Structures are given as structure tokens and as C-alpha cells.
1. What's the total number of residues in the range 51-100 that are open to solvent by 20 Å² or more (accessible area, probe 1.4 Å), of a type in the set (D, E, K, R) and within 15 Å of ligand 1 (Cβ to nearest atom)?
2. Is one or more of the residues making up the range 239-247 in contact with a strand residue (DSSP E or B) (Cβ under 9 Å, 6 or more places away or on another chain) and within 16 Å of ligand 1 (Cβ to nearest atom)?
3. Collect the residues in the range 99-130 that are hydrophobic (A, V, I, L, M, F, W, C) and farther than 20 Å from PRO169 by Cα, keeping them in residue-number order.
4. Considering only residues that are out of contact with any Leu (no Cβ under 9 Å at 6 or more places or on another chain) and open to solvent by less than 60 Å² (accessible area, probe 1.4 Å), which ones fall in the range 223-236?
5. Hey, among ILE215, ILE197, which residue is free of Cβ contacts under 8 Å to residues at least 60 places away in the same chain and open to solvent by 10 Å² or more (accessible area, probe 1.4 Å)?
6. Of the numbered conditions (1) open to solvent by less than 40 Å² (accessible area, probe 1.4 Å); (2) closer than 15 Å to PRO138 by Cα; (3) of a type in the set (S, T, N, Q), GLN179 satisfies every one except a single condition; which is it?
7. Considering only residues of the range 23-58 that are of a type in the set (S, T, N, Q), more than 19 Å from the chain's Cα centre (by Cα) and outside any helix (DSSP H, G or I), which is farthest from GLY299 (Cα to Cα)?
8. Of the residues that sit in the range 101-134 and are within 15 Å of ligand 1 (Cβ to nearest atom) and open to solvent by 30 Å² or more (accessible area, probe 1.4 Å), which one is nearest to HIS196 (Cα to Cα)?
Amino acid sequence: MNSRGWLDEKTHQVSSLLSKELDFRVTESMSRLIDQGNQEIAGQFVPSAQELEVKPNETSDPIGDDIHNPVPGITHRYSDRVLLNISHACAVYCRFCLRKEKVSKPGHSLNTSETDKALDYIASHTSIKEVIFSGGDPFILSPRLIRSILARLDCIEHVKLVRFHTRVPTVDPGRVTPQLIDVLTSTTKAVRVVTHINTVKEISESSEEVLKKFINSGVPVLSQSVILKGINNSLDALLNLFWKLIEMRVTPYYLHYLDLARGTSHFRVPLEQVIEWHHQLRGKIPGYGIPELMVDIPGGLGKIAINSENAKQTGGKWHFRSPIHPDKWITIDYQCK
Ligand SMILES: *Cc1c(COP(=O)(O)O)cnc(C)c1O
Ligand code: SF4
């Protein structure tokens with residue numbers, strides 16, 4: 001068996017069946033980790049026959065992007081911010097992707113005139129203060145294309161913030177070139193990077209280097225993670241990840257509960273279990289190391305932060321649960337007058 005045995009056997013049987021839904025793609029750095037037997041990496045990227053099992057509640061548009069889609073490439077759900085999806089290509093394809101029906105399809109990339117229309121839309125809606133380059137992975141685009149779009153955003157006065165949602169810093173750190181850093185620091189808008197990281201195992205020395213490069217160049221880095229069975233579904237896995245992130249000065253922003261994308265139920269962890277881990281993080285890591293636990297309500301109704309089950313009100317009194325002694329509830333009567 002050659003060193004890429006997992007590519008030939010496992011992947012081949014199912015990837016042709018699955019390619020209609022989501023292509024198979026990993027980077028050199030991720031495939032090296034898979035070669036080393038890293039199950040937490042393989043589980044995220046190697047196709048599995050379990051994806052063929054689609055539950056009745058799973059859909060191709062799990063968070064209702066399509067109903068907030070005024071022009072191609074723009075998702076406008078909240079008045080102050082829009083998602084801008086120039087391309088739906090990524091460096092890797094995550095088997096649990098919420099946009100799995102769109103990513104990896106060339107037909108979903110914007111051509112020049114569609115890009116113009118998307119930018120016109122932003123220019124003509126003065127409520128839009130933030131433009132979020134999203135997935136697909138914007139760092140797949142050439143620095144030159146990113147520069148030209150940022151230059152056009154620079155001319156739109158009501159846009160103050162620009163955000164990049166990306167997985168590139170961990171899965172393909174080589175794409176973070178000095179040119180890219182230069183592009184991000186040359187705009188007049190406040191730029192942030194939100195990187196998608198699910199386990200410490202994804203963080204190589206080179207990814208640490210590139211995350212440091214962003215931060216040292218004045219580009220803050222936040223992170224988002226998805227809670228996934230077999231990948232990071234334990235309190236320890238989450239703690240290791242969030243500790244590592246804050247040691248690198250990356251701020252954990254969101255911990256997403258898995259959306260109802262087709263064929264992803266084998267990744268699902270019960271929400272009550274996630275709420276319990278989230279509650280227990282509080283006593284074990286600084287507050288800025290705890291991301292908000294997010295559920296994106298199906299049907300395009302928006303994202304909400306689920307607060308851990310730690311406060312209840314009965315008979316005019318409040319009951320709080322201790323993060324240090326999770327079984328202990330303390331009752332307080334504030335008596336507001
Ligand atoms: C998630 C999302 C955003 C960004 O939301 P934040 O809470 O600001 O991170 C913006 N637009 C859409 C459509 C989204 O789904
Ligand atoms: S990088 Fe993001 S958009 Fe791309 S496949 Fe993974 S989860 Fe989906």
C-alpha cells in the first residue's frame with residue numbers, strides 16, 4: 001500500500017458518488033497530517049459513505065442564505081453587514097460545510113460584471129458598514145484581485161469594516177504571502193481575519209507563523225469553530241483548542257453548532273451536551289478564551305448565541321449555576337425597586 005492509501009481506497013469508492021454534492025479536496029499540509037494517521041484531520045476532509053444518508057430535516061440551504069440574496073454574490077441578512085462571496089472555491093472541502101451544495105461549483109463564482117453589480121449593491125445601500133468576504137475561501141483569490149476589490153470598497157464611504165472568513169491560515173499557510181499581508185494593510189478600512197479552526201491538530205508551525213504575521217501587521221485575528229463528533233467533541237479538545245488560540249493571541253469568536261446541511265448527521269453532537277461543555281469552559285480559561293456558542297436558526301432567521309444553562313428565574317428570584325461547581329445553584333433575590 002502506498003503512503004496515500006487513504007486516497008486510493010476510502011476516497012475513491014465514495015468520492016465519485018459524492019462529487020455531485022461536494023468535491024474532494026485537501027492541501028499538501030493537510031494530506032501530510034492525514035498520512036500520519038491524524039483522525040481529526042481525516043474526519044474533516046476525507047469523504048465518507050455516511051454522507052449519503054440524508055435526514056429529512058437536512059436541506060441544501062440550511063441557514064436560509066438564498067432568501068437574503070438580492071444580487072449574485074451578496075447575502076444581506078442583517079442591515080449593517082453583508083456577505084460577499086466572490087468565489088465558492090476553497091483550499092479544502094470540509095465534509096460538514098454548511099454551503100456544501102455551493103462550494104466547489106465553478107458556476108457559482110462571480111464574473112466581472114456580477115462583481116460590479118455586487119459592489120454597486122454595496123455602494124447603493126448606505127446601511128452597510130461591514131463587508132464580509134466569505135465562503136468559498138476569499139484567500140484563494142489572487143492578492144491582486146483582492147487589492148482591486150478593496151480599492152473599490154475604499155471609495156465607498158459608508159463601509160467602515162472589512163472581514164475575511166478563511167480556513168487558509170491553517171490548511172494552506174503558504175498562501176499567506178507578503179503580498180497578501182500588504183494588500184490587507186493597504187486599505188483605509190478596518191480589516192479583520194476570522195479563521196476557521198476546529199482542532200489544535202490543524203495548527204502547524206507555519207500556520208502559527210502566518211497568524212502571527214497578520215496580528216503583528218495590525219490585522220486582528222478571531223477564530224470560529226464547529227463542534228463535530230469524532231473531531232473535537234469533548235471538553236478537553238475544546239479547552240486545548242481555545243488555550244492554544246489565546247496563546248497565539250487569536251480570539252475565539254464563535255463556536256458553531258452544526259447546521260443542518262445534507263448528509264452531515266454523523267458529525268452531530270447533542271446540543272445539550274455542547275451547552276454543558278460551554279458552561280464548564282468558564283472556570284477553566286480566561287473569559288476572552290470562550291467563544292459564543294452559536295445556532296444559526298434555519299430558514300434565514302439569523303444566528304443566536306445560546307447562553308449556557310446557568311441562569312433561571314422562579315418566583316421573582318434568580319438562580320445561578322456555578323461554573324466551578326456545575327451542580328450547585330445559588331439563589332439570589334435582587335429586589336429591584
Ligand atoms: C453569520 C453571518 C454574518 C456575520 O455575523 P456576525 O454575527 O457579525 O459574525 C453576516 N451575514 C450573514 C448572512 C451571516 O450568516
Ligand atoms: S472552508 Fe468553509 S466554505 Fe470552504 S468547505 Fe470548508 S466550511 Fe465550507
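1. 6
2. The initial filter retains those residues of the range 239-247 that are in contact with a strand residue (DSSP E or B) (Cβ under 9 Å, 6 or more places away or on another chain), namely 241-242, 245-246.
Next, from what is left, pick out any that are within 16 Å of ligand 1 (Cβ to nearest atom): none.
Scanning the range 239-247 turns up no residue that is in contact with a strand residue (DSSP E or B) (Cβ under 9 Å, 6 or more places away or on another chain) and within 16 Å of ligand 1 (Cβ to nearest atom).
3. Taking the range 99-130 and keeping what is hydrophobic (A, V, I, L, M, F, W, C), we get 103, 110, 118-119, 122-123, 128.
Listed by number, the residues that qualify are LEU110, ALA118, LEU119, ILE122, ALA123, ILE128.
4. Filtering the range 223-236 down to residues out of contact with any Leu (no Cβ under 9 Å at 6 or more places or on another chain) leaves 230-231, 233-234, 236.
Within the range 223-236, GLY230, ILE231, ASN233, SER234 meet the criteria.
5. Details: ILE197 fails: open to solvent by 10 Å² or more (accessible area, probe 1.4 Å).
Among ILE215, ILE197, only ILE215 is free of Cβ contacts under 8 Å to residues at least 60 places away in the same chain and open to solvent by 10 Å² or more (accessible area, probe 1.4 Å).
6. It is condition (1) that GLN179 fails.
7. Out of the qualifying residues, it is GLN36.
8. Applying the filter and picking the extreme gives LYS102.
The values are calculated or read from the model by the stated rules, or taken from the named source; none is laboratory data. Just so it is clear, the model here is predicted, and its values are computed rather than measured. All Cβ positions, even for glycine, are placed from backbone atoms using ideal geometry, and neighbour counts span all protein chains on display. Note: areas computed on protein heavy atoms with side chains; ligands, DNA, RNA excluded. Shrake-Rupley method; radii C 1.70, N 1.55, O 1.52, S 1.80 Å.
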